[in-house]
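*Asks:* Take a look at the following structure, please.
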Amino acid sequence: MMSGGAVITTIYGGGWVGVTKIDDEDALRDAYDKSGKKVMQLQQAILPFDLFVRCVGLGPQIRVVRYDPSAPLHGRYVPGKPDFVNAAETSVLRDMTLTINSFFGWDFNSCESLRRNGTFHPIDFANPCPDSQVTSLHYHFRGSSKRTSAGRSSSPPRARRCARTSSGIPSSPSRRRGCPSVRRSPAMPRSPTSATKRRASRSSAGKHLAHLDEIAWEFFGDPIAKDAVHQKVKALYPAHEVESFTDHFFGQIQDWREKEGPQRKRAVVVFQSSSGGRVKQIGKWHSDRLQQEIQLVRWGTFRHPRAPLPHRGR
């Protein structure tokens, strides 16, 4: 048995289903026998650890989030800025996530890592459809939605070439180059999802998505956004908890707007009615980033919000 024990999980993960701590051979056999037809994997347990993080990557965009597996489901993504890791650790986590995503050919993935004695150990890095609901991400939900918008806008679909082994699994250039651990991450090859794509994405975002931060800040403070949160909570929670959790999750988003949102001088929002029960909403503010007035126009109903369309002020 591995020193410190082991953990057996399903190969595809998800919701902590099938995760079992293994301390001896009998426990291993019992957990395996109970797994039925599920494909399982055995990992060394990283214990003790002092930090559990999830690094959510969408294309070249990365967000490091502190994760608390002992908290209730709605509180596991800990609110706040990623100031619990320093610049060097952030670089390691970024390289780790981009390398793993490039290896599998995924644009969207969540990589879980545990920090022990100053070293991050990836423990669950095959989450190609990570939980992105507002009821889980709350404070971090705006970041997820922004990365999705930026990724779709700045990285159009294109054909990919992926070198594969005879077994059909993508080959590992980093392994061929003798990079056995994340300590060698700076030596790992730069893929299209790393340095080059990050530069291209930033250039594209700066050119076409300059208003995105301001639009996100404005939208997530709008009654339309709160109604969208309410509809999601209503679909997942019992009736007597809907209002309290709607206020809780929307309050977490407002906390983000206060702590991390761009600063601006806000102006009055004007509502104009139109035919068919639809509403045109016009908002204006002065953008400190662009040093000019920005105008926001949205068409839609309150129960079916539409994507905001930015227009530069006159």
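No lab work stands behind these numbers, since they all come straight from the coordinates. Just so it is clear, the model here is predicted, and its values are computed rather than measured. Cβ atoms come from the backbone with ideal geometry, glycine included; neighbour counts cover every protein chain shown.
*Asks:* Which FRET efficiency value, to the nearest 0.05, is calculated for Ala126 and His240 with the Förster distance at 51 angstrom and r the Cβ-Cβ distance?
*Replies:* With a Förster radius of 51 Å, E is 0.85.
*Asks:* Right, another one. Considering only C-alpha atoms, what is the centroid distance from the range 210-265 to the range 1-57, in Å?
*Replies:* Cα centroid of the range 210-265 versus Cα centroid of the range 1-57: 35 Å apart.
*Asks:* What is the range 1-45 by shape, rounded, prolate or oblate, if you read a ≥ b ≥ c off the alpha carbon gyration tensor as root eigenvalues and call it rounded for a/c under 1.5, prolate for a/b larger than b/c, and oblate otherwise?
*Replies:* The shape class here is oblate.
*Asks:* What distance in nm separates the two pseudo spin-label positions at Ser91 and His248, each 7 Å out from Cα along the beta-carbon direction?
*Replies:* Each label point lies 7 Å from its Cα, and together they span 4.0 nm.
*Asks:* Would you mind classifying the range 1-138 by shape? Square roots of the alpha carbon gyration tensor eigenvalues, ordered a ≥ b ≥ c; an a/c under 1.5 is rounded, otherwise it is prolate if a/b is larger than b/c and oblate if not.
*Replies:* Prolate, since a/c reaches 1.5 and a/b exceeds b/c.
*Asks:* For Met40 and Val78, what does the FRET efficiency come to when R0 = 41 Å and r is the distance between their Cβ atoms, rounded to the nearest 0.05?
*Replies:* 0.90
*Asks:* Measure off 7 Å from each Cα along the Cα-to-Cβ vector at Ala71 and Thr20, then give the distance between these two points in nanometres to one decimal.
*Replies:* A separation of 2.9 nm, rounded to one decimal place.
*Asks:* Shape verdict for the range 90-143, please, from the Cα gyration tensor: rounded (a/c under 1.5), prolate (a/b greater than b/c) or oblate.
*Replies:* oblate
*Asks:* Okay, moving on. Determine, for each peptide in 221-234, 93-106, 238-251, the mean count of other beta carbons within 10 angstrom over its residues, then list the peptides with the highest first.
*Replies:* Listed from highest to lowest mean packing, they are 93-106, 221-234, 238-251.
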